[in-house]
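First the structure, in the form of structure tokens, and then the observations on it.
The values are calculated or read from the model by the stated rules, or taken from the named source; none is laboratory data. Note that the structure is predicted; figures quoted are calculated from it, not measured. Using ideal geometry, Cβ is built from the backbone for each residue, glycine included, and neighbour counts are taken over all protein chains shown. Side chains included, ligands, DNA and RNA excluded: accessible areas come from the protein's heavy atoms. Shrake-Rupley method; radii C 1.70, N 1.55, O 1.52, S 1.80 Å.
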Amino acid sequence: MRSSRTYVSAMLLAAAVSVVRGDSPSPQSAPGNAAAKLPYVYTKWKQYTIADGLPNDHIFAVKADGPKVWVGTEDGLACIDKRTGKIQTWKEKDGLPWKVVTALDVDKKTGDLWLGLFGGGLARFSGGRFDHWHQLNSGLVNDVVYGVAIQGDNVWAATTAGCSRFNIKTGAWTIYNEKNAPMEEIWNYGVFASEEKVHLAVWGSGVLEFDIKTEHWKEYLDPDGEMEIDLYRDDGLVHVITTGVSYVEKAMWVSTYFGVCRYDGRHWRGFFAHESGIPSDFNNNLAARSAQEAWFCTDKGLGACMDFDSDTWVAYTRNNDGTGKAVVTKGKEVLEVVEGPVNVPQSFIICAAMDGNDVWIGTGKGLAWGIGEGYYSRVKERAPAGKPAFRSETSTSKNGGAQ
Amino acid sequence: MRRVVLWSAVVTALLGLGLITAAASDLPGVKWPGFLPFDSPEIQALLQKINDLKYYQAPALPVKKDENYAATSTDVEPFGGLKPFKEHFLLQMEYIGAGRSIPEPEHVDAVKIGFIGPIMSTVSVATGGKSHEEALGIQMLSGSRLAIEEANARGGYLKRKIPFELVVSNDNGLWGSSGNEIIKMAYKDNVWAILGTIDGANSHIAIRVALKAEVPVMNTGDSDPTFIETNIPWVMRNMGDDRQQAYLLVDYLYRKLNVKKVGVIRSSNRYGRFGIREFNDGSRRLGRPVPIEMAYKLGQDDYSLHLERIKKADVEAVVHWGDAAEGAQILNQMRKMGMDQPFFASDRCLSEEFVNAAGTNAEGVICGFPWNPDRDDPNLTSFRERFRKRFGTEPDTYSAHAFDGMNMLIWAIQVAGLNRAKIRDVVAYLPGAWPGITGDIVMSACLDDVGDVYLGKRENGRWKYYSRADLGIPRGYIPPRDRISRTQ
């Protein structure tokens, strides 16, 4: 038992340091071959960059819609057809109103794509045409749009100076800011729409929840009210500077630059890099698949909480030697280290999207498609993966080993 | 000072291990006035770590760790009797993105640096109605201009022998316009770094954009403590903030003068709202809660309602957090009402505008201030002369800090080259204190200047500046440990 504990401790330390620093993996890749309750680990990845046809490598938004995957970049819009692998792109010369695309959502009823533009307002791509709304021709409160979400007939736009709601049937605009919503600050960052509620992640104002039926707001703030500390764990939102929110199966997941958290309507739970499998406390965004599973976009890798109940995580990173690594942890205990070719092309993760069993990950340098063949939710008994386990299918020559 | 020693030790160790070499510099022997030559071992060691990285590689840079957040004494820490679960802002933020691998552009006519500040009058929701910060913004612009012009006189961007160019933007529009301006500078003007701004709301909006666009922002005029409490690795500030000034005022009023009851009057905009927070918190934590806090709207002339209530509260001193014009009006009305309590104020009242409006009532007023303009420093004297010659007016705190901040950016560009991430790195890992005309600038782990701040007192018709040591102001115990690992 002693040697086993020592081994686990050593692995824990080595993996933690390695994940944080992005170093090469340690020689030991798995603590053992005995079956254990482990989550699904994505081992089949494709990467996309300019070399594959993307308009730009700095990926700000991704949205899967059936066979199409829409990609918002720092210089243009792209659409990947998963069936053919063909990539179509639009830049300003093609009618895109502004080159920096920071948010995307698809209206399920019409099939229209809605785009949040960074300093360019809001756009709709429909029938090959871009329509454009901005501060000077509409009720959009500000042109710096960070988030877009479709809720029924409404398009919600989270902007740097409040949130706007546009009813596409009536053409009516509603602006939400400090005058009619509990926003101490109005710096909206993320918006997420579900059947009953719309959630806003607001820098400096935590999370705001809009009840669609009653049109009432509810606010979630950091209970200690202090910027420099988190007083008690699991007492509420970990920080008021929030960057993303997702509400799935009545569980609210929140990302911040100071850790992440989850609220099920009764209990809060915070997660931090020093005590969980998330690679960093600095989180740009998140995407949740269920009440048990959420993927966090950190500055030091991709942190996927695969089973909330057992605190089981998978952290995907790219090492300094160019290889990829996935570290499976329960709390801080390392259960499995899966090494191999590239998973995420770069460890600075900006956005994520769920696509059935697949995942799409936008980074500071390229897009990744995690293919969920044999995906299962939560954890199940299985032997730890051998080495190497990753299959990087595409353009590894162009991207995986790029300069 | 401790950080400087630590840095030197790291560099020495790395040299000893042969992990760094004194690589040939593009600019051998070139010296920045008063600072390290570009080919010094410290700078070469830093460049070696950030140059030639592949886009997925993270640099092996030492992460600064502060022992105490913002030099806060234990008795004014939030929830001081408790050990928090987590403490932020002690570890330096890292940038792990791909920006360092972006190659320098082949053709560049000028090296553009952005400036954003309140320079044109308008109506601004953010700043509380009619804009009122243009005088400060124009001073900030003048300091920036002087730094750019002097750098160009020394040869501009030395590696390519091309000039620096200032791209000037106004931030004073409707709330949120600063975001549009930063986007324009980042994506259309293609600036390499940005300096600005003053208003706290506009500064916050600007740095949210800068984070996504990945462009360094040097702030030289926003004293809002929360500006730096955002964890954005692209953001830095070179002046003491309202937290530091509030700590000094708290210590002076309560620990030195043993005042029991202080009344507060402040502007209702973000500057007043956030600036006074640390003073109020510090008062409460030292057992002297502020019995009355009155907020006023910008632009009003009559403060009798506010002052009547403060008078009834029977306070021993009054603290004002707001702009000079309102501060002087409040002081004059106080005196007219027979309120003779000592008047303390934030740094914006330490100005000629305040003195001109307050007249003889200004005598004895004490303000917090982020630096000591009376410092005996030939560089400061020379700066003043050059500034007067160039602009025909006296420099103020906004022009002085902007001059320092712009010089830090220019120096970083000279060292790092035309790459935003590396420019950010060079400032973030500054090898030692920056020898500014406002004094030595030492960055904390979260890239804030936590150097000494001062009290300015109006005495015999002039402002006189006092350090904590000059006045023998006691302070609480500042432990050499973060809160989590303290044993008591």
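Just a few scattered comments:
- The fraction of accessible area contributed by carbon and sulfur in region B:203-295 is 46 percent, rounded to a whole number (1.4 Å probe; ligands and nucleic acids excluded).
- Whole-angstrom gap from region B:309-350 to region A:271-322, using each part's C-alpha centre: 52 Å
- Here's how it looks for residue A:135: its modeled amide H is under 5 Å from those of A:143, which are all 5 or more places away or on a different chain.
- The Kirkwood hydrodynamic radius of the protein assembly as shown, based on inverse pair distances between different Cα atoms, is 28.4 Å.
- In summary, region B:160-272 shows an alpha-carbon radius of gyration equal to 1.32 times the 2.2 N^0.38 Å reference for compact globular proteins.
- Proximity of backbone amide H atoms, modeled 1.01 Å from N, is registered between residue B:464 and B:457, B:458, B:459 at under 5 Å, excluding neighbours fewer than 5 places apart on the same chain.
- Per residue, region B:71-190 exposes 39 Å² of solvent-accessible protein surface, assessed with a 1.4 angstrom probe and all protein chains in place.
- Selected from A:344, A:202, A:155 as most flexible by GNM, with chain A as the system and alpha-carbon contacts under 10 Å: A:155
- Three-way shape call for chain A based on the alpha-carbon gyration tensor, with the a/c threshold at 1.5: oblate
- Looking at region A:107-163, the trypsin sites (Lys or Arg not before Pro) that sit in a DSSP loop and have at most 15 other Cβ atoms within 10 Å of their own Cβ are A:108, A:109.
- Protein accessible area in region B:151-192, 1.4 Å probe - carbon and sulfur %: 55 percent
- Chain A: most fluctuating residue of A:306, A:252, A:227 per GNM, C-alpha cutoff 10 Å: A:227
- When the Cα atoms of chain B are aligned to their principal axes, the ranges along those axes come out at 70, 54, 40 Å in descending order.
- The accessible area of residue A:89, taken with all protein chains in place and a 1.4 Å probe, comes to roughly 60 Å².
- Residues with amide H under 5 Å from that of residue A:355, placed H, sequence gap 5 or more: A:360
- The protein assembly as shown: calculated mean residue ellipticity at 222 nm from DSSP helix runs of at least 4, using -39500 (n - 2.57): -6500 deg cm²/dmol
- Excluding exposed DSSP-loop GluC sites (Glu not before Pro) (at most 16 other C-beta within 10 Å), longest clean stretch of chain A: A:1-177
- Angle between chain A longest axis and helix A:2-21 axis [Cα atoms, degrees, rounded to 10]: 40 degrees
- A 1.4 Å probe run over the protein chains yields, for region B:304-416, 38 Å² of accessible area per residue, whole-number rounding.
- Remark: the Cα gyration tensor places region B:339-488 in the oblate category, a/c being 1.5 or greater and a/b not exceeding b/c.
- Residue A:310 - accessible surface, heavy atoms, 1.4 Å probe, Å² rounded to 10: 30 Å²
- For the pair B and A, total buried accessible area rounded to nearest 100 Å², probe 1.4 Å: 5000 Å²
- Overall form of region B:39-168 per C-alpha gyration tensor (a/c, 1.5; a/b vs b/c): oblate
- Per residue accessible area in Å² of chain A, where ligands, DNA and RNA are left out and the probe is 1.4 Å: 35 Å²
- Accessible area of chain A belonging to carbon and sulfur atoms, whole % at 1.4 Å probe: 49 percent
- Spin-label pair residue A:212/residue B:109, simplified geometry with 7 Å Cα→Cβ offset, distance in nm: 5.3 nm
- Taking every DSSP beta bridge that has both ends in the protein assembly as shown, the antiparallel portion is near 80%.
- Alpha-carbon centroid distance for the pair region A:232-270 / region B:397-452, whole angstrom: 36 Å
- Each residue, residue A:130 and residue B:356, gets one label point 7 Å from its Cα in the Cβ direction; the gap between the two is 4.9 nm.
- For residue B:49, the accessible surface of its heavy atoms amounts to roughly 40 Å² (probe 1.4 Å, protein chains only, rounded to the nearest 10).
- Threshold 40 Å² - residues in region A:215-260 whose accessible area is reduced by that much or more when the chain is no longer isolated, probe 1.4 Å: A:226, A:227, A:228, A:229, A:230, A:231, A:257, A:258
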